[in-house]
Amino acid sequence: MTVTINRLEIENVKRIKAVKIEPSATGLTIVGGNNNQGKTSVLDAIAWALGGNKYKPSQAQREGSQVPPTLKIVMSNGLIVERKGKNASLKVIDPNGQKGGQQLLDSFVEELAINLPKFMESTPKEKADTLLQIIGVGDQLAELELKEKEIYNNRHAIGVIADQKEKFAKEQEYYPDAPKELVSIAELIQQQQAILAKNGENARKRQNLANYQAQLDNQTALVNRLAQQLEEEQAKLSKLANDVAIAQKDAMDLLDESTAEIEANIAQIDEINRKVRANLDKEKAEEDAKAQREEYNTLTTEIEAVRKEKRDLLTNADLPLPDLVVEDGKLLYKGQEWDNMSGSQQLMVATAIVRKLKPECGFVLIDKLEQMDQVTLKEFGEWLKREGLQAIATRVSTGDECSIIITDGYSEENPNYESHKNTTAKPSWEGGF
Ligand SMILES: Nc1ncnc2c1ncn2[C@@H]1O[C@H](COP(=O)(O)OP(=O)(O)OP(=O)(O)O)[C@@H](O)[C@H]1O
Ligand SMILES: [Mg+2]
């Protein structure tokens, strides 16, 4: 059940001499007056009555008063809250005459509702956390933010390595005309051996030719010497001539292959392999850099997904005011951060948030409402009514917007209070002062 204030009577608290107020059940009740007349003292007294002794003013009793403070507040649920006597001790009585205490009050009094500055002065993060607590997504959002931060840090580390690797790859030398693979010396020696073997065979054939040639020479000499043997030797000669012809043909196209190139390659092998290694290193570095960059991009996608999840979480949440959101751990109202909101916007946002903190608490105390102009006041009052919320506010003014005027510690109903003409009847309440 939502509890509001039906009536209050305060005497001798701070600047107050005697104040009686019956605030509107919902909407705005403005306690007006000039400076130093006791307006804020009224709110301080209510906070003390409902919030407990930690809200007791340092100088609670009015100076010059022989009588201790008395406070009496009648709540809409029929509870009567009183402080009186020498120790201003608390007395809470329910409609059935049963006694209660501070604990009973705490069950429906929201601390920030009687101490709005506590919210207004909290850090941007605390404000955002309060709102997240209300809409019940604080834990999920914190988890998502942690996750986002983790991936973000991870991506940053990967990005740094990717940059380094890309730079390293770029700086590597590259030889476009070097072989693709490392050259093996064994293979070159094998090729050399094969050529040498072939050349050996050629030498053998040449030797063969030389042998035949020698025999022919001998034989010719023999023919010369042994003319008489010419006839018998003629056959030998023919045969040998024939052999020579064959051998000659055999040897005719022989060509020795050069090993110079291979020898040169052997000499250059270190240089070639240095280049091959350099090329391989560069390729590897480029691959590394590419893999790193791909991982970076994957992490970017992940971060965006988490951010979307965060946005969705807040978009789907039940927020106290339209256009009020949490972004990056900060409250934003109509796109503006707290310090960029106007004073009246800050009051509205604070009230809206406090309203949701404890639904049982149907009232909120607001000091220094002069930051709102007449139009904003009216809109604020209408919004409060729609929310079923009662606001008791002070304002340095004696204008028609004030239902009560405080002068020298005394309250007076404002006969010119503009809403008197069209207010709905006040709810009936039991008890009284
Ligand atoms: N125990 C006390 N006895 C008498 N006067 C006090 C006591 N405590 C505070 N005051 C005085 O009350 C005055 C402030 O009262 P209060 O804050 O209620 O005024 P206000 O109407 O809200 O003024 P403003 O418009 O400047 O905010 C100060 O002059 C202060 O010295
Ligand atoms: Mg004041």
> Do you know which of the residues in segment 369-386 that are free of Cβ contacts under 8 Å to residues at least 40 places away in the same chain and either in contact with a helix residue (DSSP H, G or I) (Cβ under 6 Å, 6 or more places away or on another chain) or within 16 Å of ligand 2 (Cβ to nearest atom) (or both) is most open to solvent (accessible area, probe 1.4 Å)?
Replying inline: 371
> So which residues in segment 4-13 are under 14 Å from residue 67 (Cβ atoms), in contact with a Ser or Thr (Cβ under 7 Å, 6 or more places away or on another chain) and not aliphatic (A, V, I, L, M), if there are any at all?
Replying inline: 11, 12
> Looking at segment 325-357, which of its residues are surrounded by fewer than 18 Cβ atoms within 10 Å (Cβ to Cβ) and among the basic types (Lys, Arg)?
Replying inline: 330, 334
>> Criterion first (basic (Lys, Arg), open to solvent by 100 Å² or more (accessible area, probe 1.4 Å), without any contact (Cβ under 8 Å) to a residue 12 or more places away in the chain and in contact with a helix residue (DSSP H, G or I) (Cβ under 9 Å, 6 or more places away or on another chain)) does residue 149 satisfy it?
In response: no
>> Residues to consider are 90, 43; find the one that is assigned to a strand (DSSP E or B) and either within 13 Å of ligand 1 (Cβ to nearest atom) or free of Cβ contacts under 8 Å to residues at least 60 places away in the same chain (or both).
In response: 90
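One line per residue, one yes/no per condition, for (1) at pLDDT 85 or above; (2) of a type in the set (A, V, I, L, M); (3) surrounded by 13 or more Cβ atoms within 10 Å (Cβ to Cβ):
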| residue | (1), (2), (3) |
| --- | --- |
| 222 | no, yes, yes |
| 230 | no, yes, no |
| 233 | no, no, yes |
| 267 | yes, yes, no |
| 287 | yes, no, no |
> Quick check: anything in segment 298-309 over 26 Å from residue 159 (Cα atoms) and exposed (fewer than 15 other Cβ atoms within 10 Å of the Cβ)?
Replying inline: no
> When you look at residue 85, is it surrounded by fewer than 21 Cβ atoms within 10 Å (Cβ to Cβ), more than 16 Å from ligand 2 (Cβ to nearest atom) and more than 26 Å from residue 405 (Cα to Cα), yes or no?
Replying inline: yes
> So which of 379, 413 ends up being over 41 Å from the mean Cα position of the chain (by Cα) and more than 16 Å from ligand 1 (Cβ to nearest atom)?
Replying inline: 413
> Looking at 67, 81, 31, 74, which is the one that is β-branched (Val, Ile, Thr) and within 12 Å of ligand 1 (Cβ to nearest atom)?
Replying inline: 31
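The values are calculated or read from the model by the stated rules, or taken from the named source; none is laboratory data. Remember, it's a predicted structure, so these values are computed and weren't measured experimentally. All Cβ positions, glycine included, derive from the backbone under ideal geometry; neighbour counts span all protein chains shown. The area values use the complete protein model at the heavy-atom level, side chains included, leaving out ligands, DNA and RNA. Shrake-Rupley method; radii C 1.70, N 1.55, O 1.52, S 1.80 Å.
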